[in-house]
Amino acid sequence: MLPLREVVSRRRTPKACPAARLIVALVVVATAAAPAWAQRQRPIDDKHLAEIKAKYTKYEYRIPMRDGKRLFTEVYVPKDQNQKYPIMLNRTPYSVGPYGDEYRDRLGPSPLFEKSGYIFVLQDVRGRMMSEGEYVNMRPYIADKKKPTDIDESSDTYDTIDWIVTHVPNHNGKVGQWGISYPGFYTVTGMIDAHPALVAASPQAPVTDWFIGDDWHHNGALQIAHMLNFLPFFDRPRPQPIKKFDTAFQYETPDGYDLFLNFGPLSKASDRYFKGETAFLKEVCQHSNYDDWWKARNIRAHIKNIKPAVMTVGGWYDAENLFGALEVYRKVLKNSPATDNRIVMGPWVHGGWSRGDGSKLGDVQFNAATSEFYREKIEFPFFEHFLKGTSNYEHPKAWVFETGTNLWRKYENWPPRQAQAHPYFLSAGGKLSTDAPSQASPNEADEYLSDPARPVNYQETTTTQMTQEYMTADQRFASRRPDVLVYETGVLDGDVTIAGPIKVDLTVSTTGSDSDWVVKLIDVYPNDYPDPTPNPTNIRMGGYQQLVRGDVFRGKFRKSFEKPEPFEPGQPASIKFNMQDVCHTFRTGHRIMVQVQSSWFPLIDRNPQKFVDIYNAPASDYQKATERVYHTHDRPSSVTLLVMP
């Protein structure tokens, strides 16, 4: 066993000036146009930092992997050696800095962990920041490793844990792993072929599948604003191990609508905006369908035989990885039924449970400190129980926050078994009805002209970002456009609580040969709904149209993501897909609304409405199309909700 004093040589890093002392989860230059994850900075908590320095000693290692590459790892060890401590592991592509003699002011998921006492292990993943090796985005998992030197993120996690439990003394033999977003992906890979010492894992907003539902694509449609903000940090070359990676993208304009309207083919973006440095982007443009290249990066297919206890965490308003959180829970439930498998879903944006109090999002109030409750009553007890053996742990399989009523609910199944499917039919005259259409004209439909030169914007705010608040934002601006169809119930005479995924089943046609179909489920507030107090933005909540869930489906993939097919112009076709789960109550006096449109810009890239390779489509391919949504007895369109009795 190596003594702890045998650490890598370190040079003292200069202290930053007080104004610049920020803990930066992603070491990038913060600009007004920085991506959402680059703006998630917080001032250093000097008091807590002093407590950590007083309680922990920091060591730095370069841990060898089975192929000889060494991964840079920081280990914070309690100075009190009179007891044995469990290990908390976080593997990240963002940075474990500050490096050298400087300390972090946050070691675990929350300050509760530092106060309780753990050994904290933080690691730059292969090819990132100070670790050796080549970085691969969503590195494919190798199920059948034929050579001793075959590596993936699962083997790197195994080798890291094996080295730590062998070389770091005074642990109790138990390891917990956690991570948010990309570190959530690394937590999932750690659960697969897990080291025996890994007994508890919490993948939080994990990335799972970049074509079907996470980050870059939703049902084959590209989230272009998010992609462009993602690329500078994750797709530019790192010539050697480095402590700081300044890669923020400099926009030509703060108006994202105008920027992306004139963006040009995606395949030209690498040379135009990134000097040809973005190799992964170039590969993406060669794989416009769900082929083997994308499937190799689908970690969902390998979530089997999971041994550690799992607590997956997600946010109802996570614009990035809501899909991943729900999918990890489902796959563990299906493929490892004996595993202690739990899910937590709250009213949070991406990673919102780890910061702030979670009492509101944008204009919508939750009237509860949901993030604080999660950190104190759910997350901390989970790890204390499985890593330290605390016996007072009685938690449900599903902790979910019910928006609308703003209550935490406990369920032993998710979705709840008592929830019943109720279709809501799109009907003539803009009505949304629980009654199926009766006999009517076989050609009865609503139509609109979709023009790629004037796409429907996804929010009113001028921005180059995929903003976090759009998932609860007021949709009145969209309902007033002629290229958005609106269907609405009457005033509800009782609460309607829905819990689970939303099934979309549309009968449509287009005069083009391809089209996107965006469906939004909306809670319409009463006209006399009170404004918030205080009200600094002067928002008027009467008649507010709160987005509850929305998603897009690229029409050419309606039969297969692997083999797209064109529409036959003017001929009815079926569009079926599931929107991600919700837990929401439409209160008495509210209305339920559904909106249908064919663009959502620049959240989603424009569909030329012509069956082409969109990544390489020139401006001449973009054309207007008349879109029709049918609502007859023979050609119904509906949105099916799982309603609680």
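Residue-by-condition table, conditions (1) under 26 Å from GLN609 (Cβ atoms); (2) in contact with a Ser or Thr (Cβ under 7 Å, 6 or more places away or on another chain):
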site: ARG417; (1), (2): no, no
site: GLN420; (1), (2): no, no
site: LYS431; (1), (2): no, no
site: THR463; (1), (2): yes, no
site: THR472; (1), (2): no, no
site: ARG480; (1), (2): yes, no
site: VAL486; (1), (2): yes, yes
site: GLY494; (1), (2): no, yes
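Give just the number: which of (1) at pLDDT 95 or above; (2) part of a helix (DSSP H, G or I); (3) under 22 Å from ASP152 (Cα atoms); (4) within 20 Å of the chain's Cα centre (by Cα) does TRP293 not satisfy?
Result: TRP293 passes all but (4).
Please list, ordered by first then second residue, the pairs with beta carbon atoms under 7 Å, 6 or more apart or interchain, first in region 330-341 and farther than 8 Å from VAL310 by Cβ and part of a loop (DSSP other than H, G, I, E, B), second modelled with pLDDT of 95 or more and of a type outside the set (A, V, I, L, M, F, W, C).
Close Cβ pairs satisfying both conditions: SER336/LYS304; SER336/ASN305.
List, please: which pairs have Cβ atoms under 9 Å, are six or more places apart or on different chains, and start with a residue in region 463-480 that is under 17 Å from TRP316 (Cβ atoms) and end with one that is buried (at least 19 other Cβ atoms within 10 Å of the Cβ) and of a type in the set (Lys, Arg)?
What qualifies is MET471/ARG549; GLN475/LYS520.
Within region 355-375, restricting attention to residues that are basic (Lys, Arg) and modelled with pLDDT under 95, which residue is surrounded by the most Cβ atoms within 10 Å (Cβ to Cβ)?
The initial filter retains those residues of region 355-375 that are basic (Lys, Arg), namely 355, 360, 375.
Right, trim to modelled with pLDDT under 95 and you get 355, 360.
Details: ARG355: 15, LYS360: 17.
This residue is LYS360.
Residues checked against (1) under 24 Å from TRP517 (Cβ atoms); (2) touching a residue at least 40 places away in the same chain (Cβ under 8 Å); (3) buried (at least 16 other Cβ atoms within 10 Å of the Cβ):
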{"residue": "LYS377", "(1), (2), (3)": "no, no, no"}
{"residue": "PHE380", "(1), (2), (3)": "no, yes, yes"}
{"residue": "LYS410", "(1), (2), (3)": "no, no, no"}
{"residue": "GLY430", "(1), (2), (3)": "yes, yes, no"}
{"residue": "ALA445", "(1), (2), (3)": "yes, yes, yes"}
{"residue": "TYR448", "(1), (2), (3)": "yes, yes, yes"}
{"residue": "ASP451", "(1), (2), (3)": "yes, yes, yes"}
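Go through (1) at pLDDT 95 or above; (2) part of a loop (DSSP other than H, G, I, E, B); (3) among the hydrophobic types (A, V, I, L, M, F, W, C); (4) buried (at least 18 other Cβ atoms within 10 Å of the Cβ) one by one and return the number of the condition MET345 breaks.
Here MET345 meets the rest and fails (2).
Give region 184-219 a look and list any residue that's among the β-branched types (Val, Ile, Thr) and more than 11 Å from the chain's Cα centre (by Cα), or say none.
THR187, VAL188, THR189, ILE192, VAL199, ILE212
Can you tell me which residue among HIS226, HIS171 is under 14 Å from the mean Cα position of the chain (by Cα) and either free of Cβ contacts under 8 Å to residues at least 24 places away in the same chain or in the same structural domain as ASN321 (by TED's automatic domain parsing) (or both)?
HIS226
Among the residues of region 627-645, write down those that are more than 29 Å from the chain's Cα centre (by Cα), surrounded by fewer than 22 Cβ atoms within 10 Å (Cβ to Cβ) and either among the small types (Gly, Ala, Ser) or in a loop (DSSP other than H, G, I, E, B) (or both).
Matches in region 627-645: THR632, HIS633, ASP634, ARG635, PRO636, PRO645.
Taking region 135-158 on its own, how many of its residues are surrounded by 19 or more Cβ atoms within 10 Å (Cβ to Cβ) and of a type in the set (Asp, Glu)?
Matching residues across region 135-158 total 3.
Give the residues of region 80-93 that are closer than 25 Å to PRO308 by Cα and not charged (D, E, K, R), sorted by residue number.
The answer is GLN83, TYR85, PRO86, ILE87, MET88, LEU89, ASN90, THR92, PRO93.
Determine whether ALA201 is at pLDDT 95 or above and either of a type in the set (Phe, Trp, Tyr) or touching a Ser or Thr at 6+ places or on another chain (Cβ under 7 Å) (or both).
So ALA201 passes the test.
So, of the residues in region 30-63 that are among the small types (Gly, Ala, Ser) and closer than 30 Å to MET227 by Cα, which turns out to be modelled with the highest pLDDT?
By that ranking, first place goes to ALA38.
Would it be correct to say that ASN137 is among the polar types (S, T, N, Q), in contact (Cβ under 8 Å) with a residue 40 or more places away in the chain and at positive phi?
When the stated conditions are applied, ASN137 does not pass them.
Please verify whether region 233-255 includes one or more residues that are hydrophobic (A, V, I, L, M, F, W, C), within 19 Å of the chain's Cα centre (by Cα) and not assigned by TED's automatic domain parsing to the domain that holds ARG454.
Step one: filter region 233-255 for residues hydrophobic (A, V, I, L, M, F, W, C), giving 233-234, 242, 245, 248-249.
Of the ones still in play, those that are also within 19 Å of the chain's Cα centre (by Cα) are 233-234.
Checking which are not assigned by TED's automatic domain parsing to the domain that holds ARG454 leaves us with 233-234.
Yes.
Taking region 116-134 only, how many residues are crowded, with 21+ Cβ neighbours inside 10 Å and either on the phi < 0 side of the Ramachandran plot or assigned to a helix (DSSP H, G or I) (or both)?
Let us first name the residues in region 116-134 that are crowded, with 21+ Cβ neighbours inside 10 Å, namely 118-126, 128-131.
So of that shortlist, the ones also either on the phi < 0 side of the Ramachandran plot or assigned to a helix (DSSP H, G or I) (or both) come out as 118-126, 128, 130-131.
Of the residues in region 116-134, 12 are crowded, with 21+ Cβ neighbours inside 10 Å and either on the phi < 0 side of the Ramachandran plot or assigned to a helix (DSSP H, G or I) (or both).
Are there any pairs with C-beta distances below 6 angstrom linking a residue in region 522-538 that is in contact (Cβ under 8 Å) with a residue 40 or more places away in the chain to a residue that is of a type in the set (Lys, Arg), with the two at least 6 apart or on different chains, and if so which?
VAL524/ARG591
For PHE113, work out the one condition from (1) touching a strand residue (DSSP E or B) at 6+ places or on another chain (Cβ under 8 Å); (2) assigned to a loop (DSSP other than H, G, I, E, B) it doesn't fulfil.
(2)
Based on this model, can you work out whether LYS377 counts as outside any helix (DSSP H, G or I), over 27 Å from ASP531 (Cα atoms) and not assigned by TED's automatic domain parsing to the domain that holds ALA309? Even if it seems obvious, please write down each step before you answer.
Numbers: outside any helix (DSSP H, G or I): no; over 27 Å from ASP531 (Cα atoms): yes; not assigned by TED's automatic domain parsing to the domain that holds ALA309: yes.
Spelling it out, it is not the case that LYS377 is outside any helix (DSSP H, G or I), over 27 Å from ASP531 (Cα atoms) and not assigned by TED's automatic domain parsing to the domain that holds ALA309.
What is the number of the single condition among (1) assigned to a loop (DSSP other than H, G, I, E, B); (2) surrounded by fewer than 18 Cβ atoms within 10 Å (Cβ to Cβ) that SER620 does not meet?
Looking at each condition in turn, SER620 falls short on (1).
Do any residues in region 582-605 that are more than 28 Å from PRO645 (Cα to Cα) have Cβ atoms under 8 Å from those of residues that are assigned to a strand (DSSP E or B) and among the acidic types (Asp, Glu), where the two are at least six apart or on different chains, and which pairs are they?
Once the first residue is more than 28 Å from PRO645 (Cα to Cα) and sits in region 582-605, its partners that are assigned to a strand (DSSP E or B) and among the acidic types (Asp, Glu) give SER598/ASP516; SER598/GLU627; SER599/ASP516; TRP600/ASP516; ILE604/ASP516.
The values are calculated or read from the model by the stated rules, or taken from the named source; none is laboratory data. Note that the coordinates shown come from a computational prediction; the quantities given were computed from them, not determined experimentally. Reconstructed Cβ throughout: ideal geometry from the backbone, glycine too, with neighbour counts over all protein chains shown.
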